[in-house]
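Enquirer: To start, I am sharing the structure in question, which I have written as structure tokens.
Just so you know, all these numbers are worked out from the coordinates, no wet-lab data involved. In this text, all values refer to a predicted model and were calculated from it rather than measured experimentally. Glycine gets a Cβ as well: all are built from the backbone with ideal geometry, and neighbour counts include every protein chain shown.
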Amino acid sequence: MFSSITLVLISAAALFIILLLFRAEEKRSIRFLNGPRTHIDFLLLKIRHTFNVRLRAWGRYFIRQILHYFVHTFITGVVSTLSHIEKSLILIARSNKALARKSEHERTSRNKLEEIALHKMEVSLTEEEKRIRRTKSLEE
């Protein structure tokens, strides 16, 4: 706590001294220590320029990385979805193959009379249809 208060007081005093220096320079129209301050100003401008150039380059790199990340995430999702669809289709194909084998086995294991009986059951009329046909034939 004490060190932070000391730091604030030192910063305020330095700011006050710099403001007094600038005011005195403005009144006299002369910069104190012009040579070293010009070198310091040049150095600070060079640092700022380098920082701006690097920040722009980093910004482009960062945006590009984000774009690549989103594309990668999208493609990963598509691949995952296609993999899931592929697994589902393989399961459907397996069950269909098993049903086809069962159907083929049932078809080949029946004799002609069984097939005729099965066809008769499939096409036979229901009791309601028989009653309607009977009443229709009696009316004619």
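Enquirer: Report, as a whole number in µm² per second, the diffusion coefficient that Stokes-Einstein gives for segment 52-121 at 25 °C and 0.890 mPa s using the Kirkwood radius over alpha carbon pairs. Don't skip to the answer; put the middle values down first.
Expert: Working: Rh = 17.5 Å.
In µm²/s, the coefficient rounds to 140.
Enquirer: Which length gain, in nm to one decimal place, applies between Thr76 and His105 when the Cα-Cα distance is subtracted from 0.36 nm times their residue separation? Don't jump to the answer; show the numbers that get you there.
Expert: Values: separation 29, 0.36 × 29 = 10.44 nm, distance 4.33 nm.
Full-extension gain reported as 6.1 nm.
Enquirer: Given bins 5 angstrom wide, list per bin the percent of all Cα-Cα distances in the chain, short to long.
Expert: For the chain, the pair-distance distribution reads 2, 6, 5, 6, 6, 6, 6, 5, 5, 4, 4, 4, 4, 3, 3, 3, 3, 3, 3, 3, 4, 4, 4, 3, 2, 1, 0.
Enquirer: Using 7 Å Cα-to-Cβ label points, what is the Trp58/Met121 separation (nm, one decimal)?
Expert: Going from the Trp58 label point to the Met121 one covers 8.0 nm.
Enquirer: Could you work out [θ]222 nm for the chain from helices alone, using -39500 (n - 2.57) per DSSP H run of at least four and dividing by all its residues? Round to the nearest 500 deg cm²/dmol. Each step should come with its number before you reach the end.
Expert: Details: 4 runs with 128 residues, N = 140.
After summing the helix terms and dividing by residue count, I get -33000 deg cm²/dmol.
Enquirer: Can you give me the distance in nm between label points at His68 and Ile47, each placed 7 Å from the Cα along the Cα-to-Cβ direction?
Expert: The two pseudo-label positions are separated by 3.2 nm.
Enquirer: So between Lys87 and Arg28, what do we pick up on full extension, going 0.36 nm a residue minus the alpha carbon distance? Kindly include the intermediate steps, with their values, before the conclusion.
Expert: Details: separation 59, 0.36 × 59 = 21.24 nm, distance 8.55 nm.
Once the chain is fully extended between Lys87 and Arg28, it gains 12.7 nm.
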